[in-house]
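The values are calculated or read from the model by the stated rules, or taken from the named source; none is laboratory data. In this text the structure is predicted, and so the values were computed from the model without any measurement. Here the Cβ positions follow ideal geometry from the backbone for every residue, glycine too, while neighbour counts run over all protein chains shown. Surface accessibility is based on the protein's heavy atoms, side chains included, excluding ligands, DNA and RNA. Shrake-Rupley method; radii C 1.70, N 1.55, O 1.52, S 1.80 Å.
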There are 2 protein chains.
Amino acid sequence: MVARSSEFSMIARFFAPLAGEGAYGLTDDAATVRVPAGHELVVTADTVIEGVHFLPNDRPQAVAQKALRVNLSDLAAKGAAPMGYLLALSLGRKQGDAWLREFAHGLALDQKTFGILLIGGDTTATPGPLTITITAFGAVRRGRMIRRAGAKEGDLIFVSGTVGDAGAGLEVLRYKHPRLAAKHRAALTARYRTPTPRLALGRALQGIATAAIDVSDGLIADLGHIAENAKGGAFVIDAARIPLSPAFRAAHGTSDAAIARAAISGDDYEIAFTARPSARARVLAAAKRARTPVTEIGHVEEGRGVYLMGSKGRALPTGRGGFTHF
Amino acid sequence: MVARSSEFSMIARFFAPLAGEGAYGLTDDAATVRVPAGHELVVTADTVIEGVHFLPNDRPQAVAQKALRVNLSDLAAKGAAPMGYLLALSLGRKQGDAWLREFAHGLALDQKTFGILLIGGDTTATPGPLTITITAFGAVRRGRMIRRAGAKEGDLIFVSGTVGDAGAGLEVLRYKHPRLAAKHRAALTARYRTPTPRLALGRALQGIATAAIDVSDGLIADLGHIAENAKGGAFVIDAARIPLSPAFRAAHGTSDAAIARAAISGDDYEIAFTARPSARARVLAAAKRARTPVTEIGHVEEGRGVYLMGSKGRALPTGRGGFTHF
């Protein structure tokens, strides 16, 4: 049994220093949130579980950052500015005070980076794996949230950053790619462990993107979610334009099969989005303003479905298109 | 392995019918919440875990209702009117479609009873026990949330309903009290399985209660939380005035030891609160308006701590005062 503070001293020692306005120092049953005038609140909740969403030997700091960032990524895809979050922490038998200290430090670092504060939550002990549910709150001007629905025939399709890295990073953590250069291994595992929520880009795309989603299940699967919520349209992706990092190329090359692997690989937390062709220049300006690389990878035409077109002009097999939990 | 729908068809079949405004039919990454003018949002999150907060053989409908109600109870204690909730559901291996149907039915029933709608969440699969985190949203007029802090010397102490029932109900479920009458057994186990959030009372106490908390850890422990957040004062409870149900009396009697047991027993989800002596008539009128029994059980005097005074005028031992997770 590891050394662990009582519930109340744990909150006082590790979490109260992270608390923001409306949290009442984490001494109340609930928190209050004041939404700026003319804005509405955007809320999202995501759970991460040891052994499912992160590895049992991941550092507590990285676990904290991943738990927070997957939620911030949802706010990013909606164009929302982060405000606060609730932390529901179910601790397993191995998480003691030393673990909690490092976990809280990870949250503190990210609170500074992303401008968000802890406002409440719940701590419980579980006989199962460490389980963390974060509920994140953001604000958007009323009616300006970027929706999944809204893509139309004729739209262009974009994605930020590079895809496939987190999946390759998980492979590295599972002892694949043993001959890959150390710098590439580090780059890939960092993408898996601590994704970067594209908050500045999401906000810059308000009023420009017709639909957006963060790439968690995989590029093809997540574009599928946009496609399902569109009135119609076939989403045609040009495999040759899918952005791959040097590390991913070093691990997998650039064959059609490698690209298809990147396109169905999850956990990258980039933003995939659509925009009218007339908005192309505004998209590129928004990307520049947000200092975030964005690549045009395809378009929406008449039809239904998501197609990844390979170098021979034929659609590549993408199976179920990405990760599903069940 | 039980039969279980894919993540997306699960959401469409069981949860989309529960979705309210701002949920976008549960097809988006996030939900939006519009707070009524002049109000602020009250947010709270609580986790319930199979084998910790409910029993592995509890019916899915009751599990759903308990998960929701423990959160509604926090809103009740703050005087907030429920608006919506996020459901983060981590399913174990045993929860299939049949389980999900009954679970969703339990949520549907409570949504009608308490006027709250599902607005989003997350579904994951866990190798551990079924784990449910609900984040509930409510509204109060700006600045009117009833806080834990605020009790003062001279205040009277009140509690709603009866205490000790949920703890005795758990004993019944653990095969104690075998000779207790069936109606009492049913009454006690119902208190454990499906607590009643005191929403009407909480709202009626806005501007009247100086501090409030819901009784989840136990009456003495939870009054302790109010005491810790007060500027000072000894909370003196008259054991003879602690409200006990006929079922609890039948199970445990009314000795000092029985009362002390009720006072340190958790999970009743009553509201314990304080008010100025001059507000006594307003408290009773609020209780009547809310159709909720309320009993005056003590007062705050000079000093520090929480004291349960027995029939011989001596403080009864209450140990650590209630349930702690760690």
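Can you list the lysines whose alpha carbon is less than 23 Å from that of B:Lys183, not counting same-chain residues fewer than 8 positions off?
List returned: B:Lys66.
Using a 1.4 Å probe and counting only protein heavy atoms, how much accessible surface gets buried when B and A come together, both sides summed, in Å² to the nearest 100?
Approximately 5100 Å² gets buried when B meets A.
Rounded to two decimal places and with Rh computed the Kirkwood way over Cα pairs, what is Rg over Rh for the range B:177-265?
Using only Cα positions, Rg/Rh for the range B:177-265 is 1.01.
With only alpha-carbon pairs counted, each pair once and no self-pairs, how large is the Kirkwood hydrodynamic radius of the range B:176-326 in angstroms?
It is 16.2 Å.
Taking a cut-off of 38 Å, what percent of all Cα-Cα pairs in the protein assembly as shown are separated by more than that?
Numbers: 75645 of 212226 pairs.
Cα-Cα pairs of the protein assembly as shown separated by over 38 Å account for 36 percent.
Around B:Ser5, which amide H atoms from residues at least 5 apart in sequence, or from another chain, sit under 5 Å from its own amide H, with H modelled in the peptide plane?
For B:Ser5, the qualifying residues are B:Asp97.
For a 24 Å ceiling on Cα separation, which of these pairs sit above it: B:Lys78/B:Lys176; B:Lys78/B:Lys112; B:Lys78/B:Lys152?
From B:Lys78/B:Lys176; B:Lys78/B:Lys112; B:Lys78/B:Lys152, over 24 Å: B:Lys78/B:Lys176.
Through the Karplus equation 6.51 cos²θ - 1.76 cosθ + 1.60, θ set to phi - 60°, convert the phi angles of the range A:30-39 into ³J(HN,Hα) values in whole Hz; use x for Gly and Pro.
So the J values, rounded to whole Hz, are 8, 10, 10, 10, 9, 8, x, 3, x, 10.
Which stretch or stretches of the range A:217-238 have amide N atoms under 17 Å from the point lying 7 Å from B:Ala12's Cα along the Cα→Cβ direction?
A:221-233, by backbone N distance to the label point.
With +1 assigned to the C-beta of every Lys and Arg and -1 to the C-beta of every Asp and Glu, and no other charges, what is the dipole magnitude of the protein assembly as shown about the Cα centre in debye, to the nearest 20?
The dipole magnitude comes to about 360 debye.
Carbon and sulfur: what percent of the protein assembly as shown's accessible surface (1.4 Å probe)?
Carbon-and-sulfur percentage of accessible area, whole number: 52.
Given a 1.4 angstrom probe, what's the average accessible area per residue across the protein assembly as shown, in square angstrom?
39
I want to check the label-to-label distance for A:Arg59 and B:Ala257. Put each point 7 Å from Cα in the C-beta direction and report it in nm to one decimal.
Taking the simple label geometry, A:Arg59 and B:Ala257 are separated by 5.5 nm.
Considering only A:Met83, A:Leu72, A:Thr32, whose Cα is most displaced toward the positive end of the charge dipole of the range A:1-106, charges sitting on Cβ of Lys, Arg (+1) and Asp, Glu (-1)?
A:Leu72
Determine the principal axes of the Cα atoms in the range A:97-156, then give the extent along each, sorted from largest to smallest and rounded to whole angstroms.
Rounded to whole Å, the extents work out to 54, 29, 22 Å.
Between A:Tyr192, A:Ala286, A:Gly253, whose Cα lies farthest towards the positive end of the dipole of the range A:179-293 when Lys and Arg beta carbons carry +1 and Asp and Glu beta carbons carry -1, centred on the Cα centre?
The residue sitting most towards the positive pole is A:Ala286.
Just want to confirm a number: the relative contact order over chain A, from Cα pairs under 8 angstrom separated by 6+ residues, in percent. Can you show the working numbers first?
Details: 739 pairs, mean separation 72.1, N = 326.
Dividing the mean separation by the residue count of chain A yields 22 percent.
So what is the diffusion coefficient of chain A in µm² per second by Stokes-Einstein at 20 °C and 1.002 mPa s, using a Kirkwood Rh over Cα pairs?
D, rounded to a whole number, is 104 µm²/s.
Using only atoms on other chains, find how many Cβ atoms lie within 10 Å of each Cβ of peptide B:116-127 and report the average.
What the average comes to for B:116-127 is 5.
I need to check one value: relative contact order of the range A:212-326, counting alpha carbon pairs closer than 8 Å and at least 6 residues apart, in percent. Mind showing how you got there, number by number?
Numbers: 174 pairs, mean separation 55.4, N = 115.
Relative contact order comes out at 48 percent.
Modelled label-to-label distance, A:Glu302 and A:Asp97, 7 Å Cα→beta-carbon offset: nm?
Placing both labels 7 Å along Cα→Cβ, they lie 7.1 nm apart.
Tell me the accessible surface of A:Leu109 in square angstrom (1.4 angstrom probe, heavy atoms of protein chains only), to the nearest ten.
Solvent-accessible area, nearest 10 Å²: 70 Å².
Just by accessible area at a 1.4 angstrom probe, what is the order of A:Glu102, A:Glu270 from largest to smallest?
Ranking A:Glu102, A:Glu270 by accessible area, largest first, yields A:Glu102, A:Glu270.
Ranked by accessible surface with a 1.4 Å probe, highest first, in what order do A:Tyr85, A:Tyr175 come?
Ranked list, largest accessible area first: A:Tyr175, A:Tyr85.
Using protein chains only and a probe of 1.4 angstrom, how many square angstrom of B:His184 are accessible, to the nearest 10?
Number for this one is 30 Å².
Based on the alpha carbons, how large is the Rg to Rh ratio for the range A:63-112 when Rh follows Kirkwood?
1.03
Using a Cα-Cα cut-off of under 16 Å, which aspartates and glutamates could be cross-linked to A:Lys312, ignoring same-chain neighbours fewer than 8 residues away?
Correct list for A:Lys312: A:Asp238, A:Asp256.
Which one, A:Gly164, A:Ile132, A:Ala211, is farthest towards the positive end of the dipole of the protein assembly as shown when Lys and Arg carry +1 and Asp and Glu -1 on their Cβ?
Going by the Cα projections, it comes out as A:Ala211.
Placing +1 at every Lys and Arg Cβ and -1 at every Asp and Glu Cβ, with all other atoms neutral, what dipole size does the range B:182-326 have around its Cα centre, in debye to the nearest 20? Working shown, then result.
Working: 20 positive and 12 negative charges, 111 e Å.
Approximately 540 debye in magnitude.
Among A:Ala64, A:Ala239, A:Ala98, which one shows the highest mean-square fluctuation when chain A is modelled as a Gaussian network with alpha-carbon springs under 10 Å?
Of the options given, A:Ala98 has the highest mean-square fluctuation.
I'd like the distance between the alpha-carbon centres of the range B:7-72 and the range B:127-157, rounded to an integer number of Å.
Taking the Cα centre of the range B:127-157 as reference, the centre of the range B:7-72 is 17 Å away.
Enter the accessible area of A:Tyr24 (Å², nearest 10), with the probe set to 1.4 Å and all protein chains included.
Accessible area, nearest 10 Å²: 70 Å².
Rounding to the nearest 20 debye, state how big the charge dipole of the range B:141-241 is about its Cα centre with +1 on each Lys and Arg Cβ and -1 on each Asp and Glu Cβ.
Around 480 debye, computed over the range B:141-241.
Could you pull out which residues in the range B:272-311 have an amide N less than 19 Å from a spot 7 Å beyond the Cα of B:Ala240, following the Cα-Cβ vector?
Residues B:295-300, B:307-311 fall inside that zone.
For the range B:239-326, I need the span (max minus min coordinate) of the C-alpha atoms along each principal axis, in Å, sorted largest to smallest.
35, 33, 33
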